[in-house]
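Let me begin by presenting the structure, written as structure tokens, before commenting on it.
Where a number appears in this text, it was derived from the coordinates with a stated rule and is not lab data. Given the structure is predicted, the values throughout are model-derived calculations rather than measurements. Here the Cβ is made from the backbone with ideal geometry for all residues, glycine too, and neighbour counts use every protein chain on show.
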Amino acid sequence: MKVICSKEDLVKGLNTVSRAVPVRTTLEILKCVLLQAEDGELKLTANDTSVGIETKIDAVIQEPGSAAIDASLFSSIVRKLPDSEIMISCDENDGVEIKCENADFKISGRGADDFIFLPSVDATASVSLSQFTIKEMINQVIFSIADSDLNAAMSGVYIEIFDDKIRMTTLDGHRISVRVNELKKEYSKVSTIVPGKTLSDLSRIVNGDNEKEMVISFARNHIIFEYDRTKVVSRVIEGEYFKIEAMLREEHETHLVINKKVLLDCLDRSTLLINESDKKPVIMNITDDSMNLRLKSAIGSMNEDIAIHKEGKDIKIAFNPKLLMDALRVIDDEEIDVYLVKYNYPCTIKNQEGTYSYVILPVNFTEE
């Protein structure tokens, strides 16, 4: 193999596939990135057996071939090379040479035949949507997946396709996040649970261009994301997801309209008085046209009033401020609609169009 490509393209390609290189593994070959040179392109592939990523970059192919190279070492070398063309060659003993201007590196490679290739997957359904939409939806729900391995479904994102809509749902036992978007046409119903890490990595490597499409293909045990010249193949989480519809309450006794930024800034200030060992809630006393927010901790206390528009009953309720802030940060609306039932019932933040819904559990509190 002997190829020439630009440093910029190679760095971009390595940044993309490196998301699928495992941090810890007993299989040394999984620490490698596979290079395949053919047909005027250099294809880079990484695979940790749970998720695999391949991407293609332009290259001058002087000798077609392939090589597996330690991803960490290869990436470190490439990033420190001059901003110029890079020549990569591999001999019959899997020795790899990397040249750029006056720099010349020789390192050991691995046989490409040892590499664990991406699985061949037969898709049962596919949908197309903009890269911007998929990136935005992921970012608006990914924060509420569970860190614990006790429940696999909670560590994933539930993706549903129905009619002309795509819906993503996450929950962690304290809150539920739902994001809905319209598709360009109607599709048959399909759903799956995708590991949170897969979608978190996807959000980081996709540009989010509103003019460019991404194709999502569903298979029995896998999901595939294809965009530009990149393919991400991930295993899915087996099993049934939670009955979300039963958790999304429609009834309410109190409806609030609040300026999102004012509430977010107030909650942000309250966190200055919270430390890891003393997680005090923020107590909200909601009366006509006013919400009083109080927090008292070992560090100090805060008392602040913000203006609201209220319909329904007065209510006093307490929340972990971080859970509210996570939801508010990903909402673009200037004003938000908050629906409450009782002090020990979840609150719901949702818009009239039904494109997002955040359900957050309150916490117990005592008057001081």
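Each residue, Thr271 and Ile4, gets one label point 7 Å from its Cα in the Cβ direction; the gap between the two is 5.1 nm. Rounded to the nearest 20, the Cβ-based charge dipole of the stretch 2-114 about its Cα centre (Lys and Arg +1, Asp and Glu -1) stands at 540 debye.
Relative contact order for the chain: what percent, with Cα pairs under 8 Å and sequence separation of 6 or more? Relative CO of the chain lands at 13 percent. Once the mean of 1/r is taken over each pair of separate Cα atoms and inverted, the stretch 128-234 shows a Kirkwood hydrodynamic radius of 13.9 Å. Step through the table entries Lys56/Lys231; Lys2/Lys43; Lys261/Lys313; Lys316/Lys350; Lys56/Lys197; Lys2/Lys231, compare each Cα-Cα distance with 18 Å, and write down the pairs that go over it. Violating the 18 Å limit, Cα to Cα: Lys261/Lys313; Lys316/Lys350; Lys56/Lys197; Lys2/Lys231. Mean residue ellipticity, 222 nm, helices only, the chain: the sum of -39500 (n - 2.57) across DSSP H runs of n ≥ 4, divided by residue count and rounded to 500, is -5000 deg cm²/dmol. Compute the distance from the alpha-carbon center of the stretch 54-91 to that of the stretch 131-184, in whole Å. For the stretch 54-91 versus the stretch 131-184, the Cα centre distance is 36 Å. If Lys and Arg each add +1 and Asp and Glu each add -1, what is the summed charge of the other residues whose beta carbon sits under 13 Å from the beta carbon of Leu256? It works out to a net charge of -3. Mean separation of Cα pairs under 8 Å and 6 or more residues apart, divided by the residue count, gives the stretch 2-114 a relative contact order of 29 percent.
May I ask you to derive the relative contact order of the stretch 249-360, considering only C-alpha pairs under 8 Å and at least 6 residues apart, and to give it as an integer percent? About 32 percent, as a whole number. Panel order for Lys80, Lys260, by other beta carbons found within 10 Å of each beta carbon, from fewest to most: Lys80, Lys260.
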